[in-house]
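Colleague: Sharing a structure with you now.
Only the coordinates and a few stated rules stand behind these numbers; no lab work does. Keep in mind that what you see is a predicted model, and the values were worked out from it rather than measured. Because the Cβ atoms are built from the backbone with ideal geometry, glycine has one as well, and the counts that use them run over all protein chains shown.
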Amino acid sequence: MNNAGIMVFWILAAYLLGSVPVGFLLARAKGIDIRTVGSGNIGATNVFRSVGKPWGIATFMADALKGFVPVFFFPGLAGELPPETGVLFALLCGVAAIAGHNWPVWLRFRGGKGVATSAGVLLGVAPAAVGVGLLTWIVLMITTRYVSISSIGTALAVPAFGWWMYRDEGWLLPVVLTLLGLLLIVRHRSNIVRLLNGSENQFDLRNKKEETGT
């Protein structure tokens, strides 16, 4: 198999890894079909709200790993690649993993919103951006108590930081960060509608009435 074929193989593998519906599987282990409760989303927030805190945290960590593993390990498994090609390949693996999470083949392409998986990708390719994203998310979460606002704010802050931090290294990474941010915002369009009409629920650690999924 030539280099192009090997790269396609690992990009497909990244998609299939991203497609593993961790939240769905963990909820099913507790006898719950996560698609029929809460927001119906398979992501960490809905699992946290509908199944329990430990299960939600486990879902977030596993979903983040689905993004980190392909961008960090798959380029090495694909063989020796030129530096620029290696960066592009890692980003493509990350995008494939996020696509797998958002549109998993195992669940008829109905998945999560990609927040945790995107965080895992960022940790693998732009770790400094993770710190900015985490800080933004925490500040917005404390001040608003809306997961959706925190996620959308992070989706705006990380690309802005990327253009400032990585501009001297070329346009590829900032552009990909921008596209991922836009995708995350689009995936939160239902949350945006609820925010505008005042029906979005705030996140409350004290009970199970948190807002709809991440």
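Colleague: Which of the helices in the chain, when you take each full DSSP H run, stretch at least 27 Å along the axis at their Cα atoms and have an average Kyte-Doolittle score of 0.0 or higher?
Modeller: Numbers: long enough: 53-77 (35 Å, 0.92); 83-102 (29 Å, 1.16).
Span-like helices in the chain: 53-77, 83-102.
Colleague: Something else now. With a 10 Å Cβ neighbour count serving as the proxy for reagent exposure, in which order, fewest first, do T59, T117 appear?
Modeller: Listing T59, T117 from fewest to most nearby Cβ atoms yields T59, T117.
Colleague: Using the alpha carbon gyration tensor of the stretch 3-197, what are the three equivalent-ellipsoid semi-axes (square root of 5 times each eigenvalue), largest first, in whole Å? Before the final figure, lay out each step's value.
Modeller: On the way: eigenvalues 147, 92, 33 Å².
Values for the stretch 3-197, descending: 27, 21, 13 Å.
Colleague: What's the FRET efficiency of D204 with N2 using the Cβ-Cβ distance as r and R₀ = 41 Å, to the nearest 0.05?
Modeller: My answer for the efficiency is 0.15.
Colleague: Something else: Kindly put V176, V193 in sequence by how many other C-beta atoms sit within 10 Å of each C-beta, fewest to most.
Modeller: On the way: V176 22, V193 11.
Final ranking by Cβ density, sparse to dense: V193, V176.
Colleague: Which residue fluctuates most in the GNM of the chain (Cα springs below 10 Å): D204, D33, D168?
Modeller: So, out of D204, D33, D168, the one fluctuating most is D168.
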